[in-house]
1. For region 71-118, what class follows from the C-alpha gyration tensor (a ≥ b ≥ c being the square roots of its eigenvalues): rounded when a/c is under 1.5, otherwise prolate if a/b is larger than b/c, else oblate?
2. Where a ≥ b ≥ c are the square roots of the eigenvalues of the C-alpha gyration tensor, would you call region 78-161 rounded, which needs a/c under 1.5, or, failing that, prolate if a/b is larger than b/c, or oblate?
3. For a test of the definition: using alpha carbon positions, the gyration tensor, and the 1.5 limit on a/c, classify region 2-65 as rounded, prolate or oblate.
4. For n ≥ 4 DSSP H runs only, could you compute -39500 (n - 2.57) per run for the chain, divide by its residues and tell me the 222 nm figure to the nearest 500?
5. Taking the dipole about the Cα centre of the chain, with the C-beta of Lys and Arg at +1 and of Asp and Glu at -1, give me whichever of T140, F128, V202 is farthest to the positive side.
6. Residue by residue, what Karplus-based ³J(HN,Hα) values in Hz, rounded to whole numbers, does region 138-143 have, using 6.51, -1.76 and 1.60 with θ = phi - 60° and x for Gly and Pro?
7. What are the residues whose amide H is under 5 Å from the amide H of V56, where those residues sit 5 or more places off or on another chain and H is modelled from the backbone?
8. DSSP loop trypsin sites (Lys or Arg not before Pro) in region 160-212 with at most 13 other Cβ atoms within 10 Å of their Cβ, which ones?
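What follows is calculated from the coordinates using simple rules that are stated; it is not laboratory data. Please read all numbers here as calculations on a predicted model, not as lab measurements. Every residue, glycine among them, receives a Cβ derived from its backbone with ideal geometry; neighbour counts consider all protein chains shown.
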Amino acid sequence: MATVTTSVYEQIRRDIVSRRFSDGEQLVEIVLANRYGTSRTPVREALYRLHAEQLVARHGRGYVVRESSPEEILDIYEVRTTLEGAAAKAAAVRRTDLDLSRLRAAHEAMLQLGTGDGDARAEANRLFHEALWRASHNATVVDLLIRLNTHLIRYPTSTLTFDDRWEVVLAEHARLVELIEQRDAEGARHLAEHHMEGARDVRLRMYADQPTSPARD
């Protein structure tokens, strides 16, 4: 049963994150059970876990998909900015040669990306940040950042196609790798925080411009 529950949880979570469900859509146990070919018990347990992750919200005696909002963007970035700074600072202190190699490879992949497609840019950007998180050698920070990123990818349009954001990101990533290589912990922390503040500001501008289609870094 644990395996079935985990599978149903992963399927519902995937469909929420990929926006197969609309914001505010009611999640009815029996309907979900039929959709995923299971009983109501694993669906109920999956919804309980998703509520703990704040991907769904209580509505009466049931659940609905949690709605996105500019307030949520600010909340997420307030925490993520601090954690990205902590990860960069730790990476500058603890990084290994292998960590540096991974960071350089991830950055080079971004430089070589021959497309302006937002999804491709977002994926390459995610891989760079994950390499940075791993270089911190702090499992708690990595876990928290992965959870926060789940909330951000609910916003479907990439910030990396907005104006000159891609060029800014590439330049800041390059400098961040340099600072980590030089073991400049405070410099890396400051730049990582500035980097995320820039992403937050672009995301809010995109949200304001397209109120029915919020924004993804």
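1. The shape class here is oblate.
2. Verdict is oblate for region 78-161.
3. Rounded, since a/c falls under 1.5.
4. -23500 deg cm²/dmol
5. Farthest towards the positive pole: T140.
6. 10, 4, 5, 4, 4, 4
7. The answer is H51, R66.
8. Here the sparse-neighbourhood loop sites are R183.
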